[in-house]
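Accompanying notes for the structure given below.
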Amino acid sequence: MSKERSINGTSPEAVISIIGPGMKVTGDCETDGTIRVEGTVQGSVKAAKAVVIGRDGLVSGDVVTQDAVVSGRVQGTLTAESRLELQATCEIEGEVRTRRMQLEEGAVLNGTVHMGAATASTRGKDSAQVEAQAPSTVAVQATAGSSGGH
């Protein structure tokens, strides 16, 4: 089916892969496009374009992508090289690396956060230098209350 899409002119980056509700994947997932997780992944998730983790989605492993939107749970290192959106229902346990982040009220983030242009793009290469430039260890737990603007 993937070959049919390429023949018909759909680029791999335009394809959205879905791990549906009730589905459990054990192992690593990788795509050139976008992956949406509504079920469970026990392993790493790597998407060239974007990763979306739905409200009931769970990833027990590392997530690496350009842009990420998280409503569910991540247990591991989450790397979004461009933008990360943590919605009110999300729970993150682990390291977060991103250039920009939006954290909605109600989101739970327990772990280490590394932000900035150099952080996401140089992960693994000069990590000691990157951490020296922008170290930030946080344990954030926002609680639902008045909902102001974003």
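The values are calculated or read from the model by the stated rules, or taken from the named source; none is laboratory data. All figures in this text were calculated on a predicted structure; none of them were measured in a lab. Heads up, the Cβs are rebuilt from the backbone with ideal geometry, glycines too, and the neighbour counts pull from every protein chain shown.
I want to confirm something. Restricting to the stretch 68-94 and keeping residues that are of a type outside the set (A, V, I, L, M) and touching a Leu at 6+ places or on another chain (Cβ under 7 Å), which single residue is surrounded by the fewest Cβ atoms within 10 Å (Cβ to Cβ)? Spell out the reasoning first.
Filtering the stretch 68-94 for residues of a type outside the set (A, V, I, L, M) gives 71-73, 75-77, 79, 81-83, 85, 87, 89-91, 93-94.
Keeping just the survivors that are touching a Leu at 6+ places or on another chain (Cβ under 7 Å) gives 72-73, 94.
Details: GLY72: 21, ARG73: 20, GLY94: 17.
It comes out as GLY94.
Condition check: at pLDDT 95 or above and hydroxyl-bearing (Ser, Thr, Tyr). Does SER71 satisfy that?
Values: at pLDDT 95 or above: yes; hydroxyl-bearing (Ser, Thr, Tyr): yes.
Yes.
Would you point out the residue of the stretch 1-21, among those that are farther than 16 Å from VAL52 by Cα and in a loop (DSSP other than H, G, I, E, B), that is modelled with the lowest pLDDT? Don't jump to the end; show me each part of the working.
Within the stretch 1-21, the first condition is being farther than 16 Å from VAL52 by Cα, and the residues that meet it are 1-12.
Applying the additional criterion that residues be in a loop (DSSP other than H, G, I, E, B) yields 1, 8-11.
Values: MET1: 42, ASN8: 60, GLY9: 64, THR10: 69, SER11: 73.
Per the criteria, the residue is MET1.
Sort out which residues of the stretch 81-95 are within 21 Å of GLY116 (Cβ to Cβ) and part of a loop (DSSP other than H, G, I, E, B), and write them in order of number.
Within the stretch 81-95, the subset within 21 Å of GLY116 (Cβ to Cβ) is 81-86, 92, 94-95.
Result: GLY94, GLU95.
Go through the residues of the stretch 96-116 one by one and say whether even a single one is under 26 Å from GLN42 (Cβ atoms), at pLDDT 95 or above, in a loop (DSSP other than H, G, I, E, B) and among the β-branched types (Val, Ile, Thr).
No: the stretch 96-116 contains no residue that is under 26 Å from GLN42 (Cβ atoms), at pLDDT 95 or above, in a loop (DSSP other than H, G, I, E, B) and among the β-branched types (Val, Ile, Thr).
Have a look at VAL25, VAL45, VAL64 and point out the one that is in contact (Cβ under 8 Å) with a residue 12 or more places away in the chain and surrounded by fewer than 19 Cβ atoms within 10 Å (Cβ to Cβ). If you could, list the steps in order and put the result at the bottom.
Numbers: VAL45 fails: surrounded by fewer than 19 Cβ atoms within 10 Å (Cβ to Cβ); VAL64 fails: surrounded by fewer than 19 Cβ atoms within 10 Å (Cβ to Cβ).
Selected residue: VAL25, the only one of VAL25, VAL45, VAL64 that is in contact (Cβ under 8 Å) with a residue 12 or more places away in the chain and surrounded by fewer than 19 Cβ atoms within 10 Å (Cβ to Cβ).
With respect to THR89, is the statement that it is touching a residue at least 24 places away in the same chain (Cβ under 8 Å), closer than 19 Å to VAL108 by Cβ, out of contact with any helix residue (DSSP H, G or I) (no Cβ under 8 Å at 6 or more places or on another chain) and of a type in the set (Ser, Thr, Tyr) true? Step through it out loud before you land on a result.
Working: touching a residue at least 24 places away in the same chain (Cβ under 8 Å): yes; closer than 19 Å to VAL108 by Cβ: yes; out of contact with any helix residue (DSSP H, G or I) (no Cβ under 8 Å at 6 or more places or on another chain): yes; of a type in the set (Ser, Thr, Tyr): yes.
It is true that THR89 is touching a residue at least 24 places away in the same chain (Cβ under 8 Å), closer than 19 Å to VAL108 by Cβ, out of contact with any helix residue (DSSP H, G or I) (no Cβ under 8 Å at 6 or more places or on another chain) and of a type in the set (Ser, Thr, Tyr).
Can you find a residue in the stretch 29-38 that is of a type in the set (Asp, Glu), part of a strand (DSSP E or B) and either over 25 Å from VAL108 (Cα atoms) or at pLDDT below 95 (or both)? I'd like the intermediate steps shown before the answer.
Step one: list which residues in the stretch 29-38 are of a type in the set (Asp, Glu), which gives 30, 32, 38.
Restricting the remaining residues to those that are part of a strand (DSSP E or B) gives 30.
With the extra rule that they be either over 25 Å from VAL108 (Cα atoms) or at pLDDT below 95 (or both), the set shrinks to 30.
There is at least one residue in the stretch 29-38 that is of a type in the set (Asp, Glu), part of a strand (DSSP E or B) and either over 25 Å from VAL108 (Cα atoms) or at pLDDT below 95 (or both).
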